[in-house]
Amino acid sequence: MEATQPKPPQSLSAIFEGSFAYLTVRDRMPLILTKVIDTLHRNKSKFFDEHGEVGVEAEKRAISFLSKLRNELQTDKPVLPLTDGAEDVDHWNQYMQRQQGLMEDQQPVSWFKSPWLYMECYMYRRIQEALWLSPPVADFDVFKESKTKSFFESQQATKSLCMYLKSNKKPLTEQFLTFLQVSLWGNKCDLSISAGQDNFQKTSPIDTLEDLQRFILVDNSAEVWAVLMATQTSGGTESNGAKVDIILDNAGFELVTDLVLADFIISAGLAKEVRFHGKSIPWFVSDVNKQDFNWTVMQTMASNHKETSACGVQWKRYLKEGVWSYHDHRFWTLPHAFWDMATEAPDLYSSLQSSSLILFKGDLNYRKLTGDRNWEHTVPFGRALMGFHPAPLCSIRTLKANVQVGLQPGQAEKLTSQDPDWMTSGKYAVIQFFSPPKEQGCS
Ligand code: F6P
Ligand code: MG
């Protein structure tokens with residue numbers, strides 16, 4: 001956070017009984033833990049086949065850590081330091097100390113009394129700790145099955161999207177806006193909001209766009225297009241070329257929509273390079289990690305549908321040639337708001353500074369962009385970023401948590417009266433852009 005920034009409002013937290021944060025911590029998070037435990041149980045024979053009795057012992061050990069974790073959560077126990085010795089442990093434990101310093105009356109940092117964003121991230125990190133402390137099942141992705149299922153069940157939608165990408169001849173602007181919106185609505189398909197229940201794209205994503213337009217509360221796509229055009233004329237054609245960074249969210253259909261958008265950005269000459277950023281560990285049920293990313297490209301290549309497979313082949317080529325690259329900085333799985341990035345992950349921040357445009361996918365990224373605070377809805381997006389502006393950036397998000405800024409006066413009130421769950425239902429969306437102020441010249 002820049003020193004000159006005024007303090008942000010209070011964090012969303014389960015301390016506010018009846019709030020969405022409270023209901024998530026009370027109901028949805030324990031349910032996710034129960035499903036993780038079930039998944040490990042169901043894979044017992046696989047662990048036995050792969051590792052013998054040691055595998056079964058490891059499964060039991062992981063389950064006992066997870067049951068303890070669920071109990072800590074449900075009984076609002078103090079948050080414990082991480083102990084698995086991974087390279088991010090100091091960050092997490094220091095973060096805990098920092099939170100402790102903010103608690104009133106020296107109460108311990110605990111599940112229902114601390115910021116929701118912190119507690120939710122911490123739960124996923126503790127799930128990973130339970131696995132890491134249980135070799136040889138340490139690398140088992142407890143969410144893999146549901147991510148795979150979501151990919152396969154959206155096959156029809158994937159086919160129509162790949163066909164559209166390969167055959168469409170509409171003007172570039174129109175195509176870009178279409179792919180941007182498809183990627184936006186792809187974000188409906190996350191598995192964390194539904195506690196891991198099926199949530200996949202059943203219909204052709206292109207056909208539904210017109211009907212969905214009225215649910216986009218802030219649509220800055222014209223600014224996004226203008227930035228891409230500006231970089232093209234000012235240097236995008238030079239040898240170093242323009243870069244677009246996509247901060248990914250979910251695997252399954254959403255990832256396909258992001259890959260299609262990135263394909264279009266390259267093939268239309270809007271950038272020379274796309275850098276994808278994903279998670280280094282399984283995260284928020286459906287978030288993309290490296291294995292999901294590579295698996296999705298391979299599966300697309302292997303499709304028996306001509307245009308889909310042609311897309312997969314192209315994507316593989318982009319990766320091989322370095323036109324596309326995948327990165328998984330550990331900052332993305334820390335609990336920090338993005339306004340801490342410049343100090344906590346200066347290498348990542350400076351790499352993003354070389355971007356022409358950063359696209360942040362999904363709800364969790366929006367929560368981190370705005371610090372998951374109780375902002376007034378009319379506060380400008382740029383103000384809620386609290387100084388985080390490595391490069392022009394855009395959040396592409398369906399609303400699944402009660403934080404939303406940058407609305408017109410009266411807009412939120414109208415929505416609340418018509419549709420009280422507008423901030424959490426995933427029905428509404430934003431394409432919200434912010435460009436940092438230009439550096440002042442010396443003259
Ligand atoms: O558990 C709630 C949450 O953090 C919500 O903010 C959101 O529903 C979901 O998890 C993650 O959504 P997304 O995949 O769009 O980041
Ligand atoms: Mg997600």
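So here's what we get for this one:
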item: Test result for Leu352, within 22 Å of Trp225 (Cβ to Cβ), within 18 Å of the chain's Cα centre (by Cα) and either away from ligand 2 (no atom under 16 Å from the Cβ) or not aromatic (Phe, Trp, Tyr) (or both); result: yes
item: Condition met for Arg373 (under 16 Å from the mean Cα position of the chain (by Cα) and on the phi < 0 side of the Ramachandran plot); result: no
item: Some residue of the range 244-255 being away from ligand 1 (no atom under 16 Å from the Cβ), over 26 Å from Ser280 (Cβ atoms) and modelled with pLDDT of 85 or more; result: no
item: Selection status of Val430, β-branched (Val, Ile, Thr) and outside any strand (DSSP E or B); result: no
item: Hits in the range 352-370 - residues which are without any contact (Cβ under 8 Å) to a residue 60 or more places away in the chain and away from ligand 1 (no atom under 16 Å from the Cβ); result: Gln353
item: In the range 253-295, residue surrounded by the fewest Cβ atoms within 10 Å (Cβ to Cβ) [restricted to those that are within 13 Å of ligand 2 (Cβ to nearest atom) and assigned to a helix (DSSP H, G or I)]; result: Asp292
item: Boolean, Ile15 is of a type in the set (A, V, I, L, M), surrounded by 17 or more Cβ atoms within 10 Å (Cβ to Cβ), more than 16 Å from ligand 2 (Cβ to nearest atom) and part of a loop (DSSP other than H, G, I, E, B); result: yes
item: Residue in the range 279-302 that is in contact with a helix residue (DSSP H, G or I) (Cβ under 9 Å, 6 or more places away or on another chain), at positive phi and within 16 Å of ligand 1 (Cβ to nearest atom) present; result: yes
item: Search result, residues across the range 100-115 that are of a type in the set (Ser, Thr, Tyr) and either touching a residue at least 40 places away in the same chain (Cβ under 8 Å) or surrounded by fewer than 18 Cβ atoms within 10 Å (Cβ to Cβ) (or both); result: Ser114
item: Residue check, Asp340 more than 16 Å from ligand 2 (Cβ to nearest atom), in contact (Cβ under 8 Å) with a residue 40 or more places away in the chain and not assigned by TED's automatic domain parsing to the domain that holds Asp90; result: yes
item: Unmet requirement for Thr424, which otherwise passes all of (1) surrounded by fewer than 23 Cβ atoms within 10 Å (Cβ to Cβ); (2) in a loop (DSSP other than H, G, I, E, B); (3) away from ligand 2 (no atom under 16 Å from the Cβ); result: (3)
item: Residues satisfying the stated conditions in the range 371-398, i.e. within 16 Å of ligand 2 (Cβ to nearest atom) and without any contact (Cβ under 8 Å) to a residue 40 or more places away in the chain; result: Ser395
item: Residue within the range 162-169 that is touching a residue at least 60 places away in the same chain (Cβ under 8 Å) and under 26 Å from Val430 (Cβ atoms) present; result: yes
item: For Lys306: the one exception among (1) more than 13 Å from the chain's Cα centre (by Cα); (2) within 22 Å of Lys149 (Cβ to Cβ); result: (2)
item: Test result for Pro30, within 23 Å of the chain's Cα centre (by Cα), more than 24 Å from Ala337 (Cβ to Cβ) and of a type outside the set (S, T, N, Q); result: yes
item: Options Glu238, Glu223; residue that is surrounded by fewer than 23 Cβ atoms within 10 Å (Cβ to Cβ) and either modelled with pLDDT under 95 or aliphatic (A, V, I, L, M) (or both); result: Glu238
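Listed here are the residues, each with its yes/no results for (1) touching a helix residue (DSSP H, G or I) at 6+ places or on another chain (Cβ under 7 Å); (2) outside any helix (DSSP H, G or I); (3) surrounded by 19 or more Cβ atoms within 10 Å (Cβ to Cβ).
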{"position": "Lys68", "(1), (2), (3)": "no, no, no"}
{"position": "Leu80", "(1), (2), (3)": "no, yes, no"}
{"position": "Asp90", "(1), (2), (3)": "no, no, no"}
{"position": "Gln97", "(1), (2), (3)": "no, no, no"}
{"position": "Ile127", "(1), (2), (3)": "yes, no, yes"}
{"position": "Pro136", "(1), (2), (3)": "yes, yes, no"}
{"position": "Glu145", "(1), (2), (3)": "yes, no, no"}
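The values are calculated or read from the model by the stated rules, or taken from the named source; none is laboratory data. Bear in mind that the values here come from a model prediction, so they are computed numbers and not experimental data. All Cβ positions, even for glycine, are placed from backbone atoms using ideal geometry, and neighbour counts span all protein chains on display.
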